[in-house]
Protein chains: 2
Amino acid sequence: MAPINRPEKARTSTFLPAGHDHIQCQRQALRAAEQQCQLDKVRLTPLRREVLELIWQNHRPVKAYDLLDRLKVNHPGAVPTTVYRALDFLLEHDLVHRLQSLNAFIGCGTPGDPHRGQFLICRQCGTVAELQNTDLHQQITEQAAGLGFQVDNETIEIFGACADCQRT
Amino acid sequence: MAPINRPEKARTSTFLPAGHDHIQCQRQALRAAEQQCQLDKVRLTPLRREVLELIWQNHRPVKAYDLLDRLKVNHPGAVPTTVYRALDFLLEHDLVHRLQSLNAFIGCGTPGDPHRGQFLICRQCGTVAELQNTDLHQQITEQAAGLGFQVDNETIEIFGACADCQRT
DNA sequence: AAGTATAACGTTATAATGTTACGTTTTTCT
DNA sequence: AGAAAAACGTAACATTATAACGTTATACTT
């Protein structure tokens, strides 16, 4: 399946600008998720919503069992299945990403957009930036095509030091 | 750390040409590993060598516990630590790669080369091709640099259908 | 509105993956 | 030969993820 190729410039959703209002950011993410679910005609149930809310508490990846611990506060009966089922739903509808290198999850800021999965991950502070680099995507797709390989999913996870952490 | 940027064209190590002589391929890989270890002045012990040999039995990723089962044939005392220690060694010396999306391992055909980790993975037959796409690497490094991010490691794992599997 | 199909969730058990800690053996280096 | 370092043995355990099956809630049809 050839990818959508919008003529946009490379952009990034984080690293966070100085005055980042996260309360607002989280609220906005949940609103976007609700809209996306309406469009997709699927149900963002209270449980799923709560998991998504927990994921959006910051811009660092969360592990499933941490999520579980946090979920238990309001949801004493929660067990691994509870979390993994919610995560499966959120992944399927592109509301969160899975970071394979970390076995962890992070909210997706742009649920409607073509969904790739290009991440910069700071080893030190753990902050993750999601890239939307169309050129990169296209270059990969083209090289693959040259080898007769038809791409259906890409995982790009780049580790290193973010600007803040380099200074320290 | 700025990457080595050799003016090479994009290349790939597999998908396998029609008449691929795997016995020869495996032997060659082990020879290369031995040489690399000599250069690095580290020891490719019988255990490590045996694990590497098992990994090179084909061009599909192997899971650690599968490796363990296979290792037990000649090595009844083997336990997870046995395998993971060998894998740690092999990874550290760039003799194998870890595929994060699969929790699996695969031999590296070019131990001496600058070591990135760009893979095409066929969902159907499981065959993996390692790419050495310098442009891709450079593009990532540059975009990251533009965000003040200093790359130290990249994981690129592309899933899809290889040429053979598309035909079926 | 009742009946039925489907989706979501609860519950228990277990599988798969990976690590820690500590002791012993082997190799290397002086 | 003796000391230091590396490799390996062994047991326990931590983390991550899924399977199987039953119940409850929601949506869909008539």
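The values are calculated or read from the model by the stated rules, or taken from the named source; none is laboratory data. In this text, all values refer to a predicted model and were calculated from it rather than measured experimentally. Reconstructed Cβ throughout: ideal geometry from the backbone, glycine too, with neighbour counts over all protein chains shown. Just the protein is used for accessible areas: all its heavy atoms, side chains included, with ligands, DNA and RNA removed. Shrake-Rupley method; radii C 1.70, N 1.55, O 1.52, S 1.80 Å.
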Simple Cβ-charge dipole of region B:116-168, Lys/Arg +1 and Asp/Glu -1, about Cα centre, in debye nearest 20: 240 debye
Name the residue from A:Gln166, A:Ala144, A:Phe119 whose Cα lies farthest towards the positive end of the charge dipole of region A:116-168, charges +1 on Cβ of Lys and Arg and -1 on Cβ of Asp and Glu. A:Gln166
If one compares the long axis through the Cα atoms of helix A:80-92 with the longest principal axis of the Cα atoms of chain A, the angle in degrees, nearest 10, works out at 40 degrees
Extreme residue, positive dipole direction of the protein assembly as shown, given options A:Ala129, B:Gln100, A:Cys108 (C-beta unit charges): B:Gln100
Going 7 Å from Cα along the Cα-Cβ axis for the label, what nanometre distances separate B:His22 from the same residue across the other copies? 5.0
About its Cα centre, the protein assembly as shown carries a charge dipole, from +1 on Lys and Arg Cβ atoms and -1 on Asp and Glu Cβ atoms, whose size in debye to the nearest 20 is 560 debye
Show which aspartates and glutamates lie in cross-link reach of A:Lys41 when reach means a straight Cα distance below 16 angstrom and same-chain residues fewer than eight apart are skipped. A:Glu92, A:Asp94
Measuring from the longest principal axis of the C-alpha atoms of chain B, the long axis of helix B:22-40 (C-alpha) lies at a number of degrees, nearest 10, equal to 80 degrees
Dipole magnitude of region B:82-155, debye to nearest 20 (Cβ charges: Lys/Arg +1, Asp/Glu -1, about Cα centre): 320 debye
Could you check the spin-label model distance between B:Arg123 and B:His20? Points 7 Å from the Cα along Cα→Cβ, value in nm. 2.1 nm
So how tilted is helix A:134-146 from the main axis of chain A? Cα-based, degrees 0 to 90, rounded to 10. 60 degrees
Once Rh for region B:116-168 is found with the Kirkwood sum over Cα pairs, what is the Stokes-Einstein diffusion coefficient at 37 °C and 0.692 mPa s, in µm²/s? 263 µm²/s
So, with points 7 Å from each Cα along the Cβ direction, the B:Asp135-B:Val42 label distance in nm works out to 3.3 nm
Restricting to Cα pairs under 8 Å and 6 or more apart, the percent relative contact order of region B:116-168 works out to 50 percent
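By how many nm would the segment from A:Asn103 to A:Asn153 grow when fully extended, if each residue of separation counts as 0.36 nm and the alpha-carbon distance is taken off?
Values: separation 50, 0.36 × 50 = 18.00 nm, distance 1.75 nm.
Computed gain between A:Asn103 and A:Asn153 is 16.2 nm.
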Probe 1.4 Å, protein heavy atoms only - accessible area per residue of the protein assembly as shown in square angstrom: 52 Å²
Return a whole-number percent for the relative contact order of chain A, with Cα pairs under 8 Å and 6 or more residues apart as the contact set. 27 percent
